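K.L.:
Questions regarding the structure given below will be posed in turn.
The values are calculated or read from the model by the stated rules, or taken from the named source; none is laboratory data. All values reported here derive from a predicted model rather than from experimental measurement. Here the Cβ positions follow ideal geometry from the backbone for every residue, glycine too, while neighbour counts run over all protein chains shown.
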Amino acid sequence: MQTRPDELATPFALAGPVPAIFERTPMFFLDLMRYARLLSLAVVLVVTGACAVVAQTAGATDRLGLPGPVRFAGVEHGLAWTARPTVRYFKQEYLPAGQRLETYTQMFIVELTTAGTTPEAAVAAKIAMLNQRKATDPVVNYEVVRNPATGDIILDFLLSASQGDSLIVEWNAYRYTAHGNGVALFAVSRRGYGAAARDFIASLRGSRAETINALARLALPELRPRP
C-alpha cells in the first residue's frame, strides 16, 4: 500500500541547533501534525536526464570547473548530470556511487547564475515559488537561516509529489552565496519514496539539523564557469 500526503502524520521537527554564525528568521513552517489533504499533484519531482550511475556519466559535461567527486558529510558524489539552461545559468548534479537520477535518495547540487542577482533575491524568488506551491502540495514547509557576516543564506524546505500511484517526498537544503555579479548555490537533496515516505520524514528529526550544519560549515570550492 502506498503512503499518501494525507497519511504523513509525523511532525516535521523544527528543533535543532544551527551554527552560531547563522541566524534563524521567524518560523515559516506549517504544523505537519495536521493531516494534509490528498491532492492531485501536477508537478513531479523526478529529475529528467541521462539514466546513468555515478562516476562521471557519459555526456555529463563539467561546465563549472568542478568535475568531482564532491565530498559531503563523508560521502563521495560523482558528477551525474549537467545543464546550461541559459547563457548565464549553470547546473550540475552529483550522486553517490550506485545511485540513479530517477531514484536517488541523496544528491549534491551546484548551480551558478551570473545574471546580476543576489542571495536575498534568489531566496525570495524560491520562497515565492514555495508559497505558490502550497496550494497544490500539502507537505510544503520551509525555513531560512542567515550568516550576517558573509551574506550566505540557507533555505531548507520539504516538498512532495505523486508519480503514478507512488509518493515522493523530497527535502532540500540550499546554501546561497554571492559569486561575482551573481549567485552560487550549493545544495543537498534527500528523498523518500512510496511507503518509505513516512519513515523518511521521521528521520529528518535527527538528520536535518546535522545536514544543515555540515552544509553551513562546508568549505566552498571555487567555480570557474566555461561554455
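K.L.:
Any residue that is within 13 Å of the chain's Cα centre (by Cα) and acidic (Asp, Glu) - is there at least one of those in the stretch 126-140?
P.N.:
Checking the stretch 126-140: not a single residue is within 13 Å of the chain's Cα centre (by Cα) and acidic (Asp, Glu).
K.L.:
What residue, among those in the stretch 104-120 that are aliphatic (A, V, I, L, M) and modelled with pLDDT of 95 or more, is surrounded by the fewest Cβ atoms within 10 Å (Cβ to Cβ)? Give the derivation first.
P.N.:
If we filter the stretch 104-120 for residues that are aliphatic (A, V, I, L, M), which is where we start, we get 107, 109-110, 112, 115.
Next, only the ones that are modelled with pLDDT of 95 or more stay: 107, 109-110, 112.
Values: 107: 23, 109: 19, 110: 23, 112: 24.
The selected residue is 109.
K.L.:
Which one of these is over 20 Å from residue 99 (Cα atoms) and in contact with a Leu (Cβ under 6 Å, 6 or more places away or on another chain): 173, 209, 202, 184? Don't jump to the end; show me each part of the working.
P.N.:
Numbers: 173 fails: over 20 Å from residue 99 (Cα atoms); 209 fails: in contact with a Leu (Cβ under 6 Å, 6 or more places away or on another chain); 202 fails: in contact with a Leu (Cβ under 6 Å, 6 or more places away or on another chain).
Exactly one residue qualifies, and that residue is 184.
K.L.:
Residue 64 fails exactly one of the following numbered conditions: (1) at pLDDT below 95; (2) among the hydrophobic types (A, V, I, L, M, F, W, C); (3) assigned to a loop (DSSP other than H, G, I, E, B). What is the number of that condition?
P.N.:
(1)
K.L.:
For residue 137, all conditions in the list (1) out of contact with any Asp or Glu (no Cβ under 9 Å at 6 or more places or on another chain); (2) surrounded by fewer than 19 Cβ atoms within 10 Å (Cβ to Cβ) hold save one; what is the number of the exception?
P.N.:
(2)
K.L.:
Checking the conditions here, which among 48, 57, 86 is surrounded by 16 or more Cβ atoms within 10 Å (Cβ to Cβ), modelled with pLDDT under 95 and among the hydroxyl-bearing types (Ser, Thr, Tyr)? Outline the logic, then answer.
P.N.:
Working: 48 fails: surrounded by 16 or more Cβ atoms within 10 Å (Cβ to Cβ); 86 fails: surrounded by 16 or more Cβ atoms within 10 Å (Cβ to Cβ).
Result: 57 is the single residue among 48, 57, 86 that is surrounded by 16 or more Cβ atoms within 10 Å (Cβ to Cβ), modelled with pLDDT under 95 and among the hydroxyl-bearing types (Ser, Thr, Tyr).
K.L.:
What do you reckon, is residue 97 out of contact with any helix residue (DSSP H, G or I) (no Cβ under 9 Å at 6 or more places or on another chain), more than 16 Å from residue 189 (Cβ to Cβ), in contact (Cβ under 8 Å) with a residue 60 or more places away in the chain and surrounded by fewer than 21 Cβ atoms within 10 Å (Cβ to Cβ)? Spell out how you get there, then give the answer.
P.N.:
Numbers: out of contact with any helix residue (DSSP H, G or I) (no Cβ under 9 Å at 6 or more places or on another chain): yes; more than 16 Å from residue 189 (Cβ to Cβ): yes; in contact (Cβ under 8 Å) with a residue 60 or more places away in the chain: no; surrounded by fewer than 21 Cβ atoms within 10 Å (Cβ to Cβ): yes.
When the stated conditions are applied, residue 97 does not pass them.
K.L.:
Next question, about the same structure. Could you tell me which residue of the stretch 140-181 is nearest to residue 193 (Cα to Cα), considering only residues that are among the aliphatic types (A, V, I, L, M) and surrounded by fewer than 18 Cβ atoms within 10 Å (Cβ to Cβ)? Outline the logic, then answer.
P.N.:
Within the stretch 140-181, the subset among the aliphatic types (A, V, I, L, M) is 140, 144-145, 149, 153-155, 158-159, 161, 167-169, 173, 178.
Restricting the remaining residues to those that are surrounded by fewer than 18 Cβ atoms within 10 Å (Cβ to Cβ) gives 149, 178.
Working: 149: 38, 178: 34 Å.
Of everything passing the filter in the stretch 140-181, 178 is nearest to residue 193 (Cα to Cα).
K.L.:
List the residue pairs whose Cβ atoms are under 8 Å apart, where the first residue sits in the stretch 132-153 and is touching a residue at least 60 places away in the same chain (Cβ under 8 Å) and under 14 Å from residue 170 (Cα atoms), the second is among the basic types (Lys, Arg) and part of a loop (DSSP other than H, G, I, E, B), and the two are 6 or more positions apart or on different chains.
P.N.:
From the stretch 132-153, the pairs are 138/37; 140/134.
K.L.:
Please verify whether residue 138 is of a type outside the set (Val, Ile, Thr), farther than 17 Å from residue 208 by Cα, modelled with pLDDT under 95 and in contact with a helix residue (DSSP H, G or I) (Cβ under 7 Å, 6 or more places away or on another chain), treating the condition exactly as stated. Working first, answer last.
P.N.:
Values: of a type outside the set (Val, Ile, Thr): yes; farther than 17 Å from residue 208 by Cα: yes; modelled with pLDDT under 95: yes; in contact with a helix residue (DSSP H, G or I) (Cβ under 7 Å, 6 or more places away or on another chain): yes.
Criteria met by residue 138.
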